[in-house]
Each structure stands twice: as C-alpha cells, then as structure tokens.
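Notes follow once the structure below has been shown.
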Amino acid sequence: MESTSPVAILTLMIRSRTFERKIEQLFRTHKMHGTTHLAIGQEAVHAGVALGIDSSDWIVTTHRCHGHTLAKGSSVEAMIGEFFGDKRGLSKGLGGSMHLIDLKHHNAGSSAVVGSSVALATGMALQLQRSGSDNLVVAFFGDGASNRGVVHESMNMASIWSLPVLFLAEHNEYGMSSSAKKMVSVDSIADRGSSYSIKSESIDGNDVELVLSKVRDAARYIREEKRPFLLETRTYRFSGHSKSDKLLYRSREEEAEWAKKDPIGRYSQILVDRGEITYDQIAEIEQSESENIDTIVASYLEDHQELTLEESMEYVYHDEVSL
Amino acid sequence: MESTSPVAILTLMIRSRTFERKIEQLFRTHKMHGTTHLAIGQEAVHAGVALGIDSSDWIVTTHRCHGHTLAKGSSVEAMIGEFFGDKRGLSKGLGGSMHLIDLKHHNAGSSAVVGSSVALATGMALQLQRSGSDNLVVAFFGDGASNRGVVHESMNMASIWSLPVLFLAEHNEYGMSSSAKKMVSVDSIADRGSSYSIKSESIDGNDVELVLSKVRDAARYIREEKRPFLLETRTYRFSGHSKSDKLLYRSREEEAEWAKKDPIGRYSQILVDRGEITYDQIAEIEQSESENIDTIVASYLEDHQELTLEESMEYVYHDEVSL
Amino acid sequence: MKMMSYREAIREAMMEEMARDENVVLIGEDVGCYGGCFTVSSGLIDRFGTRQVIETPVSEEGLVGVAVGAAIMGMRPVVEVMYGDFSTLASDPLLNHAAKTHFMSAGAQSVPLVYRTPMGSGTGAAAQHTQSLETLFTNTPGLHVVFPSTPCDAKGLMKCAIRSNNPVVFLEHKNYGQMGLVPDDEYLIEIGKADIKRIGEDVTIITYGRMLDTVTQAARVLEDDEVSVEIVDLRSLRPLDTRTILDSVIKTKRALIVHEAPLFGGFSGEIAATIASDSKAFSSLMKPVVRLGGREMPIPFNKHLEAAMIPQVEDIVKAATSLFG
Amino acid sequence: MKMMSYREAIREAMMEEMARDENVVLIGEDVGCYGGCFTVSSGLIDRFGTRQVIETPVSEEGLVGVAVGAAIMGMRPVVEVMYGDFSTLASDPLLNHAAKTHFMSAGAQSVPLVYRTPMGSGTGAAAQHTQSLETLFTNTPGLHVVFPSTPCDAKGLMKCAIRSNNPVVFLEHKNYGQMGLVPDDEYLIEIGKADIKRIGEDVTIITYGRMLDTVTQAARVLEDDEVSVEIVDLRSLRPLDTRTILDSVIKTKRALIVHEAPLFGGFSGEIAATIASDSKAFSSLMKPVVRLGGREMPIPFNKHLEAAMIPQVEDIVKAATSLFG
Ligand SMILES: Cc1ncc(C[n+]2csc(CCOP(=O)(O)OP(=O)(O)O)c2C)c(N)n1
Ligand SMILES: Cc1ncc(C[n+]2csc(CCOP(=O)(O)OP(=O)(O)O)c2C)c(N)n1
Ligand SMILES: [Mg+2]
Ligand SMILES: [Mg+2]
C-alpha cells in the first residue's frame, strides 16, 4: 500500500486532474492523434481504489483508464509517451490511450471492448487463486458496461469459484450519451450482487476517504472470506465522453449540481478545514504537477521516437519454445 | 386458451410422456437419426404454460422443445415427420428436433444455441408492443441457460422497455451434466429478477394446476401492468440429457426422490381422489395416445418422403422484392 | 444530382425508408440525440421519435438478437453497431440465427434485417477499434454482405438492403465525410452487382470499401505511365458479381486485388480463386494474380504505423507495374 | 506404434502435458465426470482433480475470456467449447483479446491458450451444431489455427499447441472414433507444417480435417483409373505451409482443393490464391485450380441432405478427372 497521507491522496488526485486537462488541451490543439476518454471528476474513485488495495494487487481498467493507471503508480512519462505513439510509451506506442498496460505496477491493462475486461480480470483471479497468491484483482467497469452479458457471466463464475475479485462499478450516470437511468434497469448496480450471492455496497464515489476505507474493507473481506465483492461508486464525469462529444444529452444544471461535489474541491476544503494543508500549498502542488507534465510533454514534442513497422511486427507473436 | 378441464390437462401431459417414450425407443433402436432431448418429468410446466396463456400468445422454446411444442397445439404428425427428416415435418425435415417451429400455433421455434433464444423472444415482444398487440411472448430457458450473458442483456432490455415477456425458467437441476447447485450462483433463478426490477416468483413446476394458475396470474400482470415477469418452475428431467447420457452425475437416490413427485402420477392421483377420473380411464387415455403415435410412426416408417437437395436450397434465401 | 457525404447518403437512405415504412426501425447504442458514434443517424430521433429510433444499452449480442426476433415478427430493423470490431459480439445472432432462420423454418420465417457497422483503420483508435472483419460474414450462406465505397452506392445499396427480405450485413468505411454526387430522384442499387468505377484496358484492379480511393489515386499515377487501369468496385461481397470480375480480367489479362483487411485469409482469396478457377480467365492471364492487403498484425496505435499497415498508393502502383514485363 | 482413436490421441496429449506442467488446465462445460460433449476428456478429472480440470457454467464468452485472463497470469489453459458453432460466442475473447494482447502490450503479456472445438457435419444435429467455421479465425493475425485429421497428427499438434506461447485455435473433426497409429514415444508436430499424406505425380489434392478421409478414398478410386494423386494435408491453416503446397503443385501441375465449409468465402480461397499468385506454380498449372466445398446453405437436419451437402468421393473423382484432357 502506498503512502496514504491525506496530502499524498490529494496530490494524486491533482496529478490526475492536471494530466487530464493537459491531454484535453493536446487533443484540442491536434497535438495528439486518435481518441481519448477523460475521467475528470472521477479522481476520488481512482485514488481511493489504488491506495485501498496492496501495491501487489492487480487492476484491470477500462477505456477510460488514465486515472486508474496514474493512481496505480505508472510514470507520467511512460503514459504520455504512449499517447504520443512514442516508443518510450508504456506499450511502445502500439497500444494507445485505451490500452495502458504496466505490469510493473500490477496494472494488466484494459479492453476497449467495453465490459470484456471483466472476464479477463476474473480469469486473472482464477490463476491467482490456483497459485496460492493472496492478491486480488480489481475489475473496473462502468454503468454502461454493467449491461454487457459477459459481466453477468463473470460475476457468476467469480461467485461459484469464490475468486478474489473486487468488481468495481464506476457509475458516472452515463454510457457514451445514454443515461443509466434509462439503460440500467435497477437503481444501483450494487443491487445486482444478490443475483450472484456476491456481497455488495453502493457508496459516494466522490468522497475519497470513504472510497479508500470501503475498498480496504472490501479487500479485507475478499482475502479473509475468500469471496468476491461488488462495490459501486457513484460519481460523474465532468468531461465529455470523448473528444467529439457535444454534451447534448445532459443539462447544464445537472452538471452544475455535480460540480459542487467535485471530489478534489471537496477534499481540498476538508483538508484545509482540518488544518492539514493550506490553499496556497494546494496551489503549489497544482503548479508543480503542471510543470512536471509540461516538461514531459515538451520533451516528447521535441524528440519523437517511434518503432519501425518491422520492429512492431516483432510483437504479433511471442517466440515459440524450441521443439 | 385451450380447454382447461382437468382431464384435458392430464391428457396433454400423457400425450407428451407417450410421445417422449416413443421417441426414446426410436432412437434406441436407431430408427431415428441425430440427437434428441427428452423432457420426461417436465410435462406439468409445458401443459401449465401453454394452457395458462392465450393461444394467440407466442412461445419461444429451447433445445428440449417437444413438450412445449405439443402443449402449444402442434400436431403429432407434423412433429414426428420432422424427427424423421420427412418433408411433411414441421420444417420439412430441414430443422430437426431442436428447431420445432409452428407459426400456426404461435410457436416461433427455438435456438439450439442455449440461451440465445431469449433475445429472440425479447425482440418478438418488442415488435408486438410496437404494433399495439395485446399478446405476450414466453421465453423458455433452463437453469444452464440462465448463466448465458445474453439472458442478462435481454432481461435488462425487457425491463427498460417494459416488454410483454414471460421469462420462464425451467429449472430442472442440471445443465447437460452440471448441477445447478454448482453452476448457478443463487438458489433460485427468480432471485435474479430484482437485478432488472422484474417481478418474479419461484414455484413447484411439477404441480400442473399451480403452474397453470401462476402463469395466468403472470400473463394478466404482463398485460395489465405492461411489465415483463420472471417465473421459475422447479422440476426435474427424468431422462438423460440426450441419447448418449450415462447419468453419472447424479445419484439413483435423488432420481427416486424426484420420481415420487412425477407430475403425471401426482395429478392422476389428485384427479382420481377428486373423482374426476378413474385409473381405468387414465389407462384408456394412455392406450389411445400410444396407439395414435404408433400409427403415425408406422406410417412414416412405411412411406418416407424427403426434399431433394435442390428443393432444400430454395430455402436459403427468401425471395427478394422486385426493384 | 447533388453533392453529399457518405454519412449523409446513408442517413438519407434510412430516412426515406423510415418515412416509407414505419416498420423500418433504427436500433443501436447512442443512436438518438448523440446521432450514433459517427453521427450517421443525427436528427433521426427528432423526425421519427422513439418508435422508430430505439436506443439500447451496451449489449451488442442481445440487441442484435432482439432485432432478429423483432424481424421475425415483421419489423425491418436497421441495427447499428458502433465499430465493426464488436461484430464478434454480434456474430451469434447474425451467423447462427439471422442467417439460418429462414432455412430452418423451411421458409416460414424470414429476417429482413440490416446490420450496419463501420470497418477499417485510420482513426488512431488502436487494435480493437480498427479491424476489417468482413470475413466474419462472407462464408455464411443466408447472409448478404455489402460494402459500398461512395455516397451514391451507399444510398442505393442501403435502400435495397432495407427492402431485402434477407439479412444484409452493411459494412461502412469510416471516411464518412467523403463527398460524392447522388441522384436527386429515388434510386436503388441491386445487391450483388459490382461497378466498374474506371474503364481501362491493361490491368484490372478489384477492390471495395475505402480502398477504392487509394486504388483510384494509384490508377491516376499509372495513367501517367501509360498504364490503363480498369477498377472493379465489388460493392457486394456476397453475392459476388463474378461475371463482372471475370469479364474485366479476360479483357485486361491482368488482375490485382486490393483490400485493407490482413492479406492472409482475407476476402481477396475468394476473388483470386474465382479468377484462378475460371478456365477462360485463367487462360487469359498474362501473369499470376497479385493480391495486396493489410499487414499480418493487429493495427498499431501509432499514427504512422497505422497508416503504413495498409496498402499505399505506391504499393498498388508497384504491384500493378509488376504485372508487366 | 499403437492404435488409438482420434479422441484418445487428443486426450493422451492433454494428459501428458497436464502431468508435465500443472499450469496446463482444461476448462470447459461438462468436461468433468461427463468427459465433455464428445467424451474427449473422460477420466481427466479423476486423475487431475478440480485444480486442473475446471467445469464451467454455460457461458462461452465469459469462460473463454476467463481463460485469456488466466493465461495472462501464467496458466496454460486448454479451453473446450462443445461445438464449433458456438465459436461465435467466443470470438470476442479470441479475436479481440487473445490475438491482440501480446501486441497491444508490446510483448509484456502473452496468452498461451489452446481453444479446442469440433467442427463439421454428419451428426444429424442440424444447422446450429454442424458448421465448419474455420474462417472465423483464419484472417486474424496473432492466432494460430490448426486442424488435424488423424490421431497421430492430433496428438503431436495438441502437445505443440499447449506448449506454444501463442493462442492456438485447435479444430477437431467429429469422427472421434477414427483409429490410427500413434508413436509410442513422445513426439511433437510443429505448427505450420503440412503433411504429404500420399505421394503422387499427376494431381495435387489439398485438404484438411475430416475431408482427408474422403479425399483418400477418392485417391484410391483415381488410382484404379491410373491417376496418381498427391494429397497435401494442411494440418495448420495459419500459418500455412505454402512451400509444401507450391512444391507439390509445381510437381503435379494440377491442383484441387477440398473442404467441408461452404465453398464461397471458404479457406479454399486462400489456398487457391496462394497458388495463383506464385509465378512458378501459376505457370506450371495445366488447368485452372479447382475447388470443392460445402453447398451454399445451412446444414439441413435430414440425414441424406446433410450427407449430400459436402463433397463426396464421386465429386472429388469427377473434379480431379476434369483436370485432365
Ligand atoms: C462492446 C462495446 N460497445 C460499445 C463501445 C463504444 N463505447 C465506448 S465507451 C462506451 C460507454 C461506456 O459506458 P460506461 O461503461 O458507463 O463507461 P464510461 O464511458 O462512463 O466510463 C461505449 C458504448 C465499446 N467500446 N465496446
Ligand atoms: C451456447 C451453448 N452452449 C452449450 C450447448 C450444449 N448444451 C446443450 S443443452 C445444454 C444444457 C442446457 O441446460 P439447461 O439450460 O438447464 O437446459 P436443459 O437441458 O436442462 O433443459 C448444453 C450445455 C449449447 N447447445 N449451446
Ligand atoms: Mg458510465
Ligand atoms: Mg436444466
């Protein structure tokens, strides 16, 4: 478990926000290619989960995976490199922003096929269990993904085999544009736990200390009771779904309501009130995170290095064992 | 709704049992080709459902569909014809025993891909709803099928769109060989209704009058409340999964326990006790049903007629509209 | 004639058919106010409402299965799946159900369904959003498979696909903004007819989908070298217009096949085999058939690598040139 | 050498590898005491227990996805799916995940998984249980696809598939009782090598899977007519042993390709294209390449129609004969 001092937690969330804002700007100014899925507003979930599990526990992320990846400890350099398609990126520029994989930090990556990653996470847990490991796997998935059949199949298997999976529903009210209120036939995804005899809970995902403590409880339960757990975190993505989103499907009023629950703003306030930090110090953190990212981005913009086609073809197949 | 006099109900169940026994024998003696899935022991579900809905309501069956099809009114001739691959069969010998389709009797057939039919049924209900029909669709599925993701996806859609679907879980304790106790992560499939805000109930599927009355209630609810319903019927297949099953996965004791709950034996006893019928009369029904099937089978064995390859190729594509 | 984009052409076809027949229903994820992932269906919900534009949860297998069931009951669904890559999830309802229902019911049921999905690379969306998976469908009797390259073809084929009484897999390329002339009056393009997009004498290039653009550019380069290229745009992969292919090859005596999907196991095999097994075409050939396709690798995220994965103008020029001398 | 069935050969290969490495795990529906749908895994649960034989719910997509995830963590799963037709349900984990994980992680992850499933007709199980769906897999870089025809090949290839560090789609035919000689000592058969099952001079017949039997019968008939047939059994479809195919065709100057899958869009296209695009093979050919495959229809239930759907000995003899004179 990483240091979980309040200031460290806040710093992690600020790093994520700064990172996302920078990415947003790089896309807006066409410095980056492809598509991107920002998770501005969901930082408390990512920090709370990453810090609530052991560093040797695994995560399997989603298409919206920057925050998960940063929080689990990946270097900003390696991430930005991947976004630029640079060979110094996490996957040498082959994976892109929806496939951030970092085994060193026990991040097994994600699937851009929404929901399919939940089966992968379940399978990882199966092998962890078989090999006698005490680690668990966090399977992140969204409210949209919760309606994929494979999520149902995976939860059923995790339950009958008592696998160490923390099913982490990141309910941010929307899929791409469709409201969970219309698409998910139940108020809370946590209510689906009973379908699989999986214990579950729904919590405020914008309260980082709550997320942290509930994830710790869940992780303890998974290790001790040897059962999976389903935790729903209620949150909101402030950003659009992807770079081309015009946000026609939701109201400005709703956004304003949620803005008041901004996890970073809330936590800053709490820590200032508790006397743990001052606003000036927060501003300093923001500035330092921002400068760090700017420096990294500048260096990639200056010196781009990429694989050749021949080099990239080396990664299609793993070497075979010799016969 | 067909006549639902107790004697008619009993007769229907006896017809199904007789039919299945005959099919079993024809396979044992290699008079029939392919595979077959008998539902001996599940007759109360089929009779109760078929008689509890309107004849204009639709059913979508499973790979184990003889009983459903008979109960919904199909002729024994046309069914046996299909089993023999005869061109007088329900699908002219092209579909076979897992694909009994009879539109005249509002039986839309099934899928041999276990569980996939549930989506088809849901789609049929969508079009019924759009076209202002008052009819519903029964989606039969087994305990094994209940773990398929597509069932989850379908129930979610049926709920959010308030479709007229009666999800009819035929829980017979086993998939092919695997016990629902090990494979289904919840005691009763009805417990999964809450995952979709779908009202549900679990009942004894070997009590035909109970099934009939609960299906009537459910059908009324679906039509009046304009909501889907999930009904689990608990039953048991006395027969093996298919013709090659050695029944190693369950005990003779368990079978004996369930044999006591034989839906036909139970209902016979009840009707005799009530003075609605005598055992002699039941024996007469059995004999007459048996003779009827024997005659039909004999005539097919004597005179086999089948499509030519050229004729069957006519059914690959529907004629196009002329441009 | 009027200019419109590939996107608009598909939209207009759907609009006209939805207006003509209220059983034509668009079904898919975010097809309502978002207008679908590539905004092809923008505005349809305003015009046709939720009875004809049905937004679904993220449930590809289920929603395509639902569309098949609805089609059996008389709906004429046009199903949109956001990326062709997710056709894996829809392959059970399409291959095992839509394609077989008419047959298994000996004609009693039919599935007048259109399955729309975009294929191909060029968007920087990496390996799981950029494939060309037409071969998932082309070996399945019971399905039609079309892949229009121009706005005009897209509109005419879409209208035919919607009116077809059989399941049609309607593949789109992602160059949705590509402009082209489209007739003012209503028209239909029959499924199963290739189109000679350029008449030439010296070599036949057979292609489809987005590659038509690249092939056309290559043909211009080759023209400068005095090589006259005939371009056969298949438009329909199943049924395949073998007559048009063979006639062209018999005329030019040289055949080059180009597609974006990985070459090995790609649809080019069927086309090459069609030529190689026809005695007249076979004996007319001056040179072996040449095929160009994508590299044997998943599509990389990196922009340059992604672009280099698929046949380039230079590759086509080089391959065509190799057929001479 | 010892005689054993195709079923036993596959079982023996799995047993040997499971004994050698406890990370080799069989995963599938009813693979325990039922022994799997075709009893290939009979007895394995007794010997290896539930740590190496994992029975799953009816959840094809999920269980194959789970196997991919487990493989990433070091398991070497052998996944059984009861019928090849249900590969539609497993195509997302296989095509979008197993095949791309190594690439998308730039080599950091690998998926040493074997996907076992039987293909083909002849069982009277009708349209949804009898398909030959190899083309679902053959256009996907990142996968290997093998399809052994004999007990000996099945055993040697299965052992290699299990030891491969890449995902291998291992297709089986349903003539599980077919007997054949298998070496007593341990052996491996490299993935990607075709086998000349019969040496001949006059015509090359290229085939794989169960069709080898029919082709062999046809070769005997042709021998009586003094036509000497060389039979190339591909064994591996991806990678394809093009060298062996081309060498044989260059020698015999005549090529006939036979498979059970529907002809149009079938894998025969790739084989024909391989021959037609090789200049030496192309110029050796005395006659166009001939292909035989299944009819363009779903498999009917009726026994005679089902049998007539796929190439018969007579069809092969006739097609081979047409290559002369
Ligand atoms: C199987 C699949 N269907 C559709 C998409 C397109 N898509 C990308 S993100 C998204 C919405 C996912 O919603 P949710 O799971 O709530 O995650 P969020 O985007 O809110 O983080 C969709 C539909 C996809 N990537 N995969
Ligand atoms: C998708 C799929 N997987 C596996 C099978 C093989 N199979 C046929 S019946 C069956 C068991 C189904 O169990 P259940 O749904 O409980 O129905 P029951 O046989 O008990 O009527 C299986 C696994 C299949 N037909 N389809
Ligand atoms: Mg969401
Ligand atoms: Mg069952």
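The values are calculated or read from the model by the stated rules, or taken from the named source; none is laboratory data. None of these values were measured; they are calculated from a predicted model. Don't worry about glycine lacking a Cβ; one is built from the backbone with ideal geometry, like all the others, and counts go over all protein chains shown.
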Requested in this report: Output the residues belonging to segment C:72-95 that are more than 9 Å from ligand 1 (Cβ to nearest atom) and not in a helix (DSSP H, G or I).
Outcome: C:M73, C:G74, C:M75, C:R76, C:P77, C:V78, C:V79, C:E80
Requested in this report: Examine segment B:142-158 for a residue that is more than 9 Å from chain A (Cβ to nearest Cβ), in contact with a strand residue (DSSP E or B) (Cβ under 6 Å, 6 or more places away or on another chain) and over 16 Å from B:S202 (Cβ atoms), and state whether such a residue exists.
Outcome: no
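Looking only at residues in segment A:164-179 that are within 13 Å of A:E201 (Cα to Cα) and among the aliphatic types (A, V, I, L, M), which one is farthest from ligand 3 (Cβ to nearest atom)?
Top of the filtered list is A:L166.
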Query raised in the report: Of the residues B:R17, B:R21, which single one is free of Cβ contacts under 8 Å to residues at least 24 places away in the same chain and part of a helix (DSSP H, G or I)?
Result: B:R21
Query raised in the report: Listed residues B:A169, B:A158; which is away from ligand 1 (no atom under 16 Å from the Cβ) and part of a helix (DSSP H, G or I)?
Result: B:A158
Query - Qualifying residue in segment D:102-123 (condition: facing another protein chain (nearest Cβ under 8 Å) and in contact with an Asp or Glu (Cβ under 7 Å, 6 or more places away or on another chain)) - result: no
Query raised in the report: Is it the case that segment A:193-211 has a residue that's facing another protein chain (nearest Cβ under 7 Å), crowded, with 24+ Cβ neighbours inside 10 Å and within 16 Å of ligand 1 (Cβ to nearest atom)?
Result: no
**Report entry** Scan of segment D:49-92 for residues that are in contact (Cβ under 8 Å) with a residue 12 or more places away in the chain, out of contact with any strand residue (DSSP E or B) (no Cβ under 9 Å at 6 or more places or on another chain) and buried (at least 24 other Cβ atoms within 10 Å of the Cβ), ordered by number
**Finding:** D:P57, D:E60, D:E61, D:G65, D:T88, D:L89, D:S91, D:D92
Query raised in the report: Can B:V113 be described as among the β-branched types (V, I, T), within 16 Å of ligand 2 (Cβ to nearest atom), within 14 Å of chain A (Cβ to nearest Cβ) and touching a helix residue (DSSP H, G or I) at 6+ places or on another chain (Cβ under 6 Å)?
Result: yes
Requested in this report: For C:V40, work out the one condition from (1) part of a strand (DSSP E or B); (2) in contact (Cβ under 8 Å) with a residue 60 or more places away in the chain it doesn't fulfil.
Outcome: (1)
Report task. May I ask you to list the residues in segment C:284-302 that are within 14 Å of chain A (Cβ to nearest Cβ), within 24 Å of the chain's Cα centre (by Cα) and not small (G, A, S)? Result -> C:R295, C:E296, C:M297, C:P298, C:I299, C:P300, C:F301
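Could you tell me whether D:G266 is within 14 Å of chain B (Cβ to nearest Cβ) and either acidic (D, E) or buried (at least 20 other Cβ atoms within 10 Å of the Cβ) (or both)?
When the stated conditions are applied, D:G266 does not pass them.
Hand me the list of helices (runs of 4 or more DSSP H) wholly inside segment A:35-145 holding 2 or more residues that are free of Cβ contacts under 8 Å to residues at least 40 places away in the same chain.
Details: elements: A:43-52, A:66-71, A:76-83, A:116-130.
The helices (runs of 4 or more DSSP H) meeting that bar are A:76-83, A:116-130.
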Query - Residue list for segment B:86-103, filter: within 10 Å of D:A126 (Cβ to Cβ) and in contact with a strand residue (DSSP E or B) (Cβ under 6 Å, 6 or more places away or on another chain) - result: B:H99
Query - Single condition C:E190 does not satisfy, out of (1) in contact (Cβ under 8 Å) with a residue 40 or more places away in the chain; (2) surrounded by fewer than 20 Cβ atoms within 10 Å (Cβ to Cβ); (3) away from chain A (no Cβ under 14 Å) - result: (1)
Query raised in the report: Looking at (1) among the aromatic types (F, W, Y); (2) out of contact with any Lys or Arg (no Cβ under 6 Å at 6 or more places or on another chain); (3) in the same structural domain as C:N23 (by TED's automatic domain parsing); (4) over 19 Å from C:L95 (Cα atoms), can you tell me which one C:F137 breaks?
Result: (4)
Report task. Kindly indicate which of D:V58, D:V145, D:V111, D:V66 is outside the structural domain of D:M309 (by TED's automatic domain parsing) and assigned to a strand (DSSP E or B). Result -> D:V145
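Each row is one residue, and each column tells you yes or no for (1) part of a loop (DSSP other than H, G, I, E, B); (2) more than 14 Å from every other protein chain (Cβ to nearest Cβ); (3) out of contact with any Cys (no Cβ under 8 Å at 6 or more places or on another chain); (4) closer than 20 Å to C:L285 by Cβ.
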position: D:E201; (1), (2), (3), (4): yes, yes, yes, no
position: D:V215; (1), (2), (3), (4): no, yes, yes, no
position: D:V227; (1), (2), (3), (4): yes, yes, yes, no
position: D:R243; (1), (2), (3), (4): no, yes, yes, no
position: D:S248; (1), (2), (3), (4): no, yes, yes, no
position: D:E270; (1), (2), (3), (4): no, no, yes, yes
position: D:F282; (1), (2), (3), (4): no, no, yes, yes
